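Colleague: Let me give you the structure first, and then I'll get to my questions.
The values are calculated or read from the model by the stated rules, or taken from the named source; none is laboratory data. Given the structure is predicted, the values throughout are model-derived calculations rather than measurements. FYI the Cβ positions are ideal-geometry reconstructions off the backbone, even for glycines, and counts take in every protein chain you see. Heads up: the accessible areas ignore ligands, DNA and RNA and are worked out on the full protein's heavy atoms, side chains in. Shrake-Rupley method; radii C 1.70, N 1.55, O 1.52, S 1.80 Å.
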Amino acid sequence: QVQLVESGGGLAQPGGSLTLSCAASGFTFRWYGMSWYRQTPGQERELVARTTSSGDTNYADSVKGRFTISRDNVKSTVYLQMNSLKPEDTAVYYCNARGNRNEYWGQGTQVTVSS
(Lines give C-alpha, C1' and ligand atoms only; values in the text may rest on other atoms or scores of the structure.)
Protein backbone atom coordinates (compact mmCIF):
# COMPACT_ATOMS: atom_id res chain seq x y z
CA GLN A 1 0.00 0.00 0.00
CA VAL A 2 1.43 3.33 -1.08
CA GLN A 3 1.58 6.04 1.56
CA LEU A 4 2.91 9.57 1.58
CA VAL A 5 2.63 11.02 5.06
CA GLU A 6 3.40 14.72 5.48
CA SER A 7 4.28 16.32 8.78
CA GLY A 8 5.79 19.52 10.10
CA GLY A 9 3.13 22.01 9.15
CA GLY A 10 1.72 24.53 11.56
CA LEU A 11 1.78 28.19 12.46
CA ALA A 12 4.84 30.34 11.88
CA GLN A 13 5.48 34.06 12.16
CA PRO A 14 6.56 36.10 9.15
CA GLY A 15 10.29 35.68 8.76
CA GLY A 16 10.20 32.37 10.57
CA SER A 17 11.01 28.86 9.46
CA LEU A 18 9.35 25.48 9.17
CA THR A 19 10.51 22.13 7.87
CA LEU A 20 8.06 19.79 6.20
CA SER A 21 8.71 16.07 5.94
CA CYS A 22 7.09 13.46 3.71
CA ALA A 23 7.65 9.83 4.63
CA ALA A 24 7.04 7.46 1.74
CA SER A 25 6.29 3.76 1.70
CA GLY A 26 4.90 1.13 -0.64
CA PHE A 27 7.02 1.99 -3.69
CA THR A 28 10.69 2.25 -4.66
CA PHE A 29 11.35 5.77 -3.45
CA ARG A 30 14.72 6.28 -5.11
CA TRP A 31 13.21 5.78 -8.57
CA TYR A 32 10.68 8.56 -8.16
CA GLY A 33 10.82 12.29 -8.63
CA MET A 34 9.53 13.96 -5.48
CA SER A 35 7.83 17.32 -5.29
CA TRP A 36 6.05 19.69 -2.98
CA TYR A 37 2.95 21.50 -4.17
CA ARG A 38 0.72 23.96 -2.37
CA GLN A 39 -2.86 25.08 -2.71
CA THR A 40 -4.99 27.87 -1.30
CA PRO A 41 -8.81 27.97 -1.38
CA GLY A 42 -10.13 28.68 -4.84
CA GLN A 43 -6.72 28.37 -6.45
CA GLU A 44 -5.09 25.62 -8.46
CA ARG A 45 -2.42 23.51 -6.90
CA GLU A 46 1.00 24.95 -7.75
CA LEU A 47 4.44 23.41 -7.83
CA VAL A 48 6.72 24.70 -5.09
CA ALA A 49 9.83 22.55 -5.47
CA ARG A 50 10.92 19.35 -7.15
CA THR A 51 13.80 16.93 -6.82
CA THR A 52 14.44 14.30 -9.47
CA SER A 53 15.51 10.73 -8.80
CA SER A 54 19.08 11.84 -9.47
CA GLY A 55 18.85 14.75 -7.04
CA ASP A 56 18.44 17.68 -9.39
CA THR A 57 16.19 20.38 -8.02
CA ASN A 58 14.07 23.24 -9.25
CA TYR A 59 11.89 25.81 -7.53
CA ALA A 60 9.03 28.16 -8.15
CA ASP A 61 10.28 31.71 -8.57
CA SER A 62 8.29 32.78 -5.53
CA VAL A 63 10.32 30.53 -3.18
CA LYS A 64 13.79 30.59 -4.75
CA GLY A 65 16.43 31.45 -2.18
CA ARG A 66 14.05 30.79 0.72
CA PHE A 67 12.99 27.14 0.38
CA THR A 68 15.19 24.06 -0.01
CA ILE A 69 14.01 20.62 -1.05
CA SER A 70 16.07 17.55 -0.17
CA ARG A 71 15.64 13.83 -0.12
CA ASP A 72 16.97 10.92 1.91
CA ASN A 73 16.72 7.73 -0.13
CA VAL A 74 17.67 5.60 2.88
CA LYS A 75 14.80 6.94 4.93
CA SER A 76 12.47 7.28 1.92
CA THR A 77 11.73 10.82 2.99
CA VAL A 78 11.64 14.16 1.24
CA TYR A 79 11.96 17.45 3.09
CA LEU A 80 11.10 21.07 2.44
CA GLN A 81 13.04 23.57 4.51
CA MET A 82 11.15 26.85 4.45
CA ASN A 83 12.91 30.01 5.64
CA SER A 84 11.96 33.67 5.60
CA LEU A 85 8.32 32.71 5.51
CA LYS A 86 5.78 35.22 4.21
CA PRO A 87 2.01 35.41 4.76
CA GLU A 88 1.56 34.50 1.09
CA ASP A 89 3.20 31.13 1.79
CA THR A 90 0.08 30.18 3.72
CA ALA A 91 -1.43 27.12 2.04
CA VAL A 92 -1.95 23.40 2.29
CA TYR A 93 1.29 21.74 1.22
CA TYR A 94 1.15 18.40 -0.58
CA CYS A 95 3.84 15.83 -1.20
CA ASN A 96 3.91 14.25 -4.67
CA ALA A 97 5.74 11.23 -6.05
CA ARG A 98 5.96 10.75 -9.81
CA GLY A 99 7.42 7.76 -11.58
CA ASN A 100 7.35 6.59 -15.16
CA ARG A 101 3.90 5.08 -14.77
CA ASN A 102 2.51 6.13 -11.42
CA GLU A 103 1.86 9.26 -9.43
CA TYR A 104 0.94 9.52 -5.77
CA TRP A 105 -0.19 12.32 -3.46
CA GLY A 106 -0.09 12.84 0.26
CA GLN A 107 -3.02 14.11 2.28
CA GLY A 108 -1.57 17.58 2.77
CA THR A 109 -0.37 19.61 5.74
CA GLN A 110 -1.48 23.13 6.59
CA VAL A 111 1.09 25.91 6.80
CA THR A 112 -0.09 29.23 8.17
CA VAL A 113 2.18 32.27 8.29
CA SER A 114 0.74 35.00 10.48
CA SER A 115 1.71 37.32 13.28
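Colleague: How many residues, within segment 29-38, are under 15 Å from residue 74 (Cβ atoms) and either free of Cβ contacts under 8 Å to residues at least 60 places away in the same chain or small (Gly, Ala, Ser) (or both)? Spell out the reasoning first.
Modeller: Here is the first cut: in segment 29-38, the residues under 15 Å from residue 74 (Cβ atoms) are 29-32, 34.
Now drop any that are not either free of Cβ contacts under 8 Å to residues at least 60 places away in the same chain or small (Gly, Ala, Ser) (or both), which leaves 30.
So the answer is 1.
Colleague: Checking the conditions here, which among 51, 90, 57 is under 24 Å from residue 11 (Cβ atoms) and either buried (at least 16 other Cβ atoms within 10 Å of the Cβ) or among the hydroxyl-bearing types (Ser, Thr, Tyr) (or both)?
Modeller: Numbers: 51 fails: under 24 Å from residue 11 (Cβ atoms); 57 fails: under 24 Å from residue 11 (Cβ atoms).
90 is the lone residue from the list that is under 24 Å from residue 11 (Cβ atoms) and either buried (at least 16 other Cβ atoms within 10 Å of the Cβ) or among the hydroxyl-bearing types (Ser, Thr, Tyr) (or both).
Colleague: Can you tell me which of (1) surrounded by fewer than 15 Cβ atoms within 10 Å (Cβ to Cβ); (2) over 14 Å from the mean Cα position of the chain (by Cα); (3) without any contact (Cβ under 8 Å) to a residue 40 or more places away in the chain is the one residue 84 doesn't meet?
Modeller: With (1) surrounded by fewer than 15 Cβ atoms within 10 Å (Cβ to Cβ); (2) over 14 Å from the mean Cα position of the chain (by Cα); (3) without any contact (Cβ under 8 Å) to a residue 40 or more places away in the chain applied to residue 84, the lone miss is (3).
Colleague: So, one more: So which residues in segment 62-78 are among the basic types (Lys, Arg) and either on the phi > 0 side of the Ramachandran plot or buried (at least 16 other Cβ atoms within 10 Å of the Cβ) (or both), if there are any at all?
Modeller: Listed by number, the list holds a single entry, 71.
Colleague: How many residues are surrounded by 17 or more Cβ atoms within 10 Å (Cβ to Cβ) and closer than 12 Å to residue 35 by Cα if we restrict to segment 105-115? Working first, answer last.
Modeller: Quick first cut of segment 105-115, residues surrounded by 17 or more Cβ atoms within 10 Å (Cβ to Cβ) only: 106, 108-109, 111, 113.
Filter once more, so that each one left must be closer than 12 Å to residue 35 by Cα: 106.
Matching residues across segment 105-115 total 1.
Colleague: Give the residues of segment 93-104 that are of a type in the set (A, V, I, L, M) and open to solvent by 10 Å² or more (accessible area, probe 1.4 Å), sorted by residue number.
Modeller: Within segment 93-104, the subset of a type in the set (A, V, I, L, M) is 97.
Hits for segment 93-104: nothing passes.
Colleague: Looking only at segment 87-104, filter to residues that are closer than 14 Å to residue 48 by Cβ and not β-branched (Val, Ile, Thr); which one of those is farthest from the chain's Cα centre (by Cα)?
Modeller: Going through the qualifying residues, I end up with 88.
Colleague: So, one more: All but one of (1) farther than 13 Å from residue 4 by Cα; (2) touching a strand residue (DSSP E or B) at 6+ places or on another chain (Cβ under 6 Å); (3) small (Gly, Ala, Ser); (4) open to solvent by 20 Å² or more (accessible area, probe 1.4 Å) hold for residue 42; state the number of the condition that does not hold.
Modeller: If we test residue 42 against (1) farther than 13 Å from residue 4 by Cα; (2) touching a strand residue (DSSP E or B) at 6+ places or on another chain (Cβ under 6 Å); (3) small (Gly, Ala, Ser); (4) open to solvent by 20 Å² or more (accessible area, probe 1.4 Å), just (2) comes out false.
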